[in-house]
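Only one structure is covered here, and it is reproduced in the block below.
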Amino acid sequence: MEIQTIKELKNLIAVMEESSLTEIKIKNKDGEITLSSKQAAQPVISPSPVAALAPAEVVANTNSPLAAPAAPQESDDGEYITSPLVGTYYASASPDAASFVEVGTQVKKGDILCIIEAMKVMNEIQAEKSGVIKEILVSNAQLVDFNMKLFKIQSS
């Protein structure tokens with residue numbers, strides 16, 4: 001596997017966070033990087049001299065197969081809508097505009113819930129089903145991670 005950008009490294013970290021991977025070692029002729037995590041902890045990048053990220057061999061240690069991205073997580077009074085990408089959460093289209101949704105808002109499938117900015121691209125996040133917004137779990141301009149809970153919605 002070849003890793004040439006920070007984005008690719010962040011993608012590997014995201015894979016670790018959503019799976020049961022506990023360690024990834026990336027080795028090449030210039031050195032190695034080890035990403036490791038404890039249960040429910042963020043991956044840690046071990047200091048290791050690497051002159052450049054070039055063609056690399058990846059070794060992954062895991063106790064079970066790589067987990068698929070999580071679907072909306074259900075709770076007893078609704079389910080969670082999670083972030084499909086890493087970026088900055090915005091509740092409205094502009095600072096002066098009203099929020100797309102508030103607690104108690106009835107939404108239909110396809111309604112815009114928020115915007116997540118990633119690499120200067122504004123991504124509209126739409127409702128995947130109809131329901132009532134029960135809880136908003138992030139604040140405006142907050143950085144969000146992949147698969148982070150954004151809203152709790154109860155089906156209607």
- In the range 104-111, is there at least one residue being under 13 Å from Lys152 (Cα atoms) and among the polar types (S, T, N, Q)? yes
- Selection status of Ser19, at pLDDT below 70, under 29 Å from Lys152 (Cα atoms) and among the hydroxyl-bearing types (Ser, Thr, Tyr): yes
- Task: Determine whether Glu128 is open to solvent by 70 Å² or more (accessible area, probe 1.4 Å), under 28 Å from Lys7 (Cα atoms), within 20 Å of the chain's Cα centre (by Cα) and at pLDDT below 95.
- Result: yes
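Matching residues to (1) surrounded by fewer than 18 Cβ atoms within 10 Å (Cβ to Cβ); (2) closer than 20 Å to Ala14 by Cα:
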position: Tyr89; (1), (2): no, yes
position: Ala97; (1), (2): yes, no
position: Gly104; (1), (2): yes, no
position: Asp111; (1), (2): yes, no
position: Cys114; (1), (2): no, no
position: Asn140; (1), (2): yes, no
position: Asp145; (1), (2): yes, yes
- Message: Against the conditions (1) under 26 Å from Lys7 (Cβ atoms); (2) crowded, with 17+ Cβ neighbours inside 10 Å, where does Ile136 fall short? Just the number, please.
- Response: (1)
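The values are calculated or read from the model by the stated rules, or taken from the named source; none is laboratory data. Just so it is clear, the model here is predicted, and its values are computed rather than measured. Cβ atoms come from the backbone with ideal geometry, glycine included; neighbour counts cover every protein chain shown. Just so you know, the surface numbers come from the protein's heavy atoms only, side chains and all, with ligands and any DNA or RNA stripped out. Shrake-Rupley method; radii C 1.70, N 1.55, O 1.52, S 1.80 Å.
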